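Scroll down for the structure; my scribbles are underneath it.
The values are calculated or read from the model by the stated rules, or taken from the named source; none is laboratory data. Keep in mind that this is a model prediction, so the values were computed, not measured. Cβ coordinates were reconstructed from backbone atoms using ideal geometry, including for glycine residues, and neighbour counts include every protein chain displayed. Note: accessible area is taken over every heavy atom of the protein model, side chains too, but ligands, DNA and RNA are not part of it. Shrake-Rupley method; radii C 1.70, N 1.55, O 1.52, S 1.80 Å.
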Amino acid sequence: ECDFHAHLVSKAAPHNNHSSNDLSHLQRTDCIKSESPSEDENFTDDVVGLVQKEIGGDLKSLKKVSGLLEKLTLENKQLEEQVLTVSSSVPLRVSAALSTAEESRVKLESLLEKERVLSNTLQQHLQGAQVWADSIGQVLGQLDTLERHMKYLQCLARIEELSDSIQQYLMTNSMWDAVGAIDRMASLDMGLRESGCSHLQAFLRETHRFWHKILKDKLASDFEEVLTQFHWPFISPPTQTLSPPANAQELNSQLELLVSQLLSLQTSDDLISEKKEILSRPGQSQTPPLSLPIQIMLLPLSKRFRYHFTGNRQTNNLSKPEWYLTQILIWMGNSSNFMEEKIQPILDRARAKVNARVELCRGLLTLAQEKLAHDAPRLLYDDALFCHLVDEVLQFEKELRSTHSYPRAYPGILHILLDKTAFQKWLSVERKMAVEKVDTMLTAEGAWSSQYKDITDMDELKAPDCAETFMTLLLVITERYRSLPCPRAQLSFLALQKELVDDFRIRLTQVMKEESRQPLSPRYCAILNAANYISTVLSDWGDNVFFLQLQQAAVSVGEEILGPLGATETGRLASLEESLFEALLALLERLRGDMLGRLLDAVMRDVKEKAQPYCKDRWISLPSQSDQATMSLSSSACPMMLCLRDHLLQLQQMLCLPLFQMFWQGLAERLDNFIYEDLILYNHFNEGGVAQLQYDMTRNLFPLFGHYCKRPENFFKHVKEACIILTLKVGPALLLCDVLKQSEEDEGILNHQQPSPESALNELGVYKLAPSDVQILLNLRSAWLKQ
């Protein structure tokens, strides 16, 4: 590259010697720089590129060299000046920076010195002020103690003031003022809840309880007197008097006044009730306390209930829980009108968000709950009495929710039976009773006959009595646990039902194996109908709203009761792709399929036995259709046709419609394969034989199944299409042979002009048979095709 530059300089020398010298100097400088190992490798390429761009390969352009050299020299000079300027300014900036840093250091030392002086001064001041601070702290502590003592004394004074006020109000019979003072004392009690003054709290509570009891007793006494004049409680159904009492308006006013005053005392009463120890009841949800007027109205009923149903009274009979349960319902019914007509309007005017009738029911249910919780453990060892108790409780719960419209948000008495011990006993009794009933129904005389067999419209499923009774038993169990308030308890009963269904399926399988030697017997068909009936009912239950709700509960808590559920099964249950009975339905479907298979095997054995002479007919030597006056069924086919007809009629009577549909379709499929394989493929046919076969099939066999569908030939596709091939005329048959042979020879070669064997067969109405099968059928006609 240096030589190339020298060559350019030599060419340009005649024009400008000065330029030549400068360019030679630039050339040498560039060569020296390019030889330096620290120079960028791209420098040489940049120089060559610059020369090529400015001068190029044209010799006439060498005159530009001088201008280029001057331009580069000027740029070089400017760069040198800039470098000198920067080099001279750097020391000045460094010097200024060092000077500034020194000044900052001096200022920092000065500030540190001031900080040390201030710190020492502050420390001395704090030491001197600590004595004053300690002295002031003692004074403030004394002031705080005095303030707390003052507030303590003020609370005592306030309590004494309220106590004196209440006493004065009671002496002057100012009941509303007394109620207001009691309410203020209750508010003071609630305000001291977080206080640590235990003695003051105890004094206030005792004072509050003392005056509350006096005021409540007085109001309750007046309220009971007014209620007595209204003939409360209504032990028997109230009778309509001919005319209201003379002081009816005064009584109504007194009733409203007392109810309103008692409602105003409610907050104080609730506060005292909270402090009382309440025994928790198993399964009972937290409910708000009863309204104070309702509590007082319940007192006479509570006394009567305890008088009759506790102690040694004859009415307190463990074997007769219906006595006290019925009494509770009677009192609810008798008191309903009075609560709605007299008490509810007063509550509404007082803006109390209380339903009087429901409140009374809640109070009465408390009596029943206590009685049931006391009696239930004593009946755990007597299955009959416990079962009777459960029945009565369920009936009571049903009437409570329906007749008396008791809200489901409030507990009845059913939750008492959900106690762990009582509930396990309930499940065991249900299981024991169900198993005993299943044993009885399976051994009954008419267990395998349908009670609706003579009523066509009601006997579609032809379910035997044992299966129908069993599903009724399951339905009764469902109705018993449907109203349980706990999903876990409902799922436990569902697990029991599934266990009973599986046990019944096993029993059906055992009876089926005993009857398997005679699969065409009525009992065998009844077992098959039973399995189908149970499967149908369970499928319907899977779409029932109640079981769908249980299914969602099973996804969250079901593993504890129904056993471990796989991720796939849980997902399908959650998405409602499967039902809770999916596993049972699969087992019942397997049993049904196995029994249908045995039934078809038995019928086909009989049919094949009767069809042997027909299969061995001399089809190749039968007279042609033109030689016969009229076509008739082959004599050798009569036993087979009669056998088929008898079995179809018999099983149509014994099987339900869905099962019979499955049966005759399965029979048609097997019969189609049998005739095609054992008759058609096994024999050779002449024209008369083919005509006779087609007549037997289309005019006799197919119509046997025409009673059950519109186009029975569609269930005999092999036979139908074989008859189409065998009945072809000579010309079409030869053409079809050529197409099939040509397709074999051209196999693997695409030929759009030659029709495919499948399209040729489709034109003839043959869709089921393969080309190879058609060739076999055509060979069965080879004897007369060669003539």
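Sort F203, F702 by accessible area with a 1.4 Å probe, largest first.
F203, F702
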Handout entry: H404 paired with S99, simple spin-label distance in nm, labels 7 Å along Cα-to-beta-carbon
Key = 10.6
Problem - Given [x] 156; [y] 505; [z] 239, the label whose value is volume of the Cα convex hull per residue in Å³ derived from this model - result: [y]
Fill in the blank from the handout: Once the dipole of the chain is set up from charges on Cβ (+1 Lys and Arg, -1 Asp and Glu), the residue from the list V47, T536, S66 lying farthest towards its positive end is T536
Completion exercise
In nm, the gap between the two label points placed 7 Å beyond Cα toward Cβ at S302 and C709 is 7.5
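Report the charge-dipole magnitude of the chain in Debye, nearest 20, computed about the Cα centre from +1 at each Lys and Arg Cβ and -1 at each Asp and Glu Cβ.
On the way: 80 positive and 104 negative charges, 473 e Å.
Here the size comes out at about 2280 debye.
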Practice task
With a 1.4 Å probe and every protein chain left in place, tell me how much accessible area D46 has, in Å² to the nearest 10.
Solution key: 100
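Starting from the residue with the highest accessible area, list R645, R781 in decreasing order, probe 1.4 Å.
Details: R645 110, R781 0 Å².
In descending accessible area the options line up as R645, R781.
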Completion exercise
Descending packing, highest mean Cβ count within 10 Å first, for 476-485, 189-198 is 476-485, 189-198
Problem - With all protein chains modelled, accessible area of M150 [1.4 Å, Å²] - result: 110
Problem - Cβ-derived FRET efficiency at R0 41 Å, D134 paired with K114, nearest 0.05 - result: 0.85
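Provide the per residue accessible area, probe 1.4 Å, for the chain, rounded to a whole number of square angstrom. Mind showing how you got there, number by number?
Details: 45410 Å² over 787 residues.
That works out to 58 Å² per residue.
Just want to confirm a number: the relative contact order over the chain, from Cα pairs under 8 angstrom separated by 6+ residues, in percent. Please list the in-between numbers first.
Numbers: 595 pairs, mean separation 49.6, N = 787.
Relative contact order here is 6 percent.
For the chain, what does the helix formula give at 222 nm: sum of -39500 (n - 2.57) over DSSP H segments with n ≥ 4, over the residue count, nearest 500 deg cm²/dmol? Intermediate results must be reported in sequence, preceding the final value.
Details: 30 runs with 555 residues, N = 787.
So the helix-based figure for the chain works out to -24000 deg cm²/dmol.
Compare the peptides 655-663, 108-116 by average per-residue count of other Cβ atoms within 10 angstrom and give them in order, highest first. Don't skip to the answer; put the middle values down first.
Details: 655-663: 18.0, 108-116: 10.0.
With the highest mean Cβ count within 10 Å placed first, the list reads 655-663, 108-116.
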Practice task
Take E609, project a point 7 Å from its Cα along the Cβ direction, then tell me which residues of segment 657-684 have their backbone nitrogen under 18 Å from it.
Solution key: 671
Exercise for the section: Report T440's accessible area, 1.4 Å probe, all protein chains in place, as a number in Å² to the nearest 10. Expected result: 90
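Pop the C-beta distance of S516 and T727 into the FRET formula with R0 = 41 Å and round what comes out to the nearest 0.05. Intermediate values should be presented prior to the final figure.
Numbers: r = 42 Å, r/R0 = 1.03.
Between S516 and T727 the formula returns 0.45.
Express the carbon and sulfur contribution to the solvent-accessible surface of the chain as a percent, rounded to the nearest whole number, probe 1.4 angstrom. Mind showing how you got there, number by number?
Numbers: 24140 of 45410 Å².
Here carbon and sulfur together make up 53 percent of the probe-accessible area.
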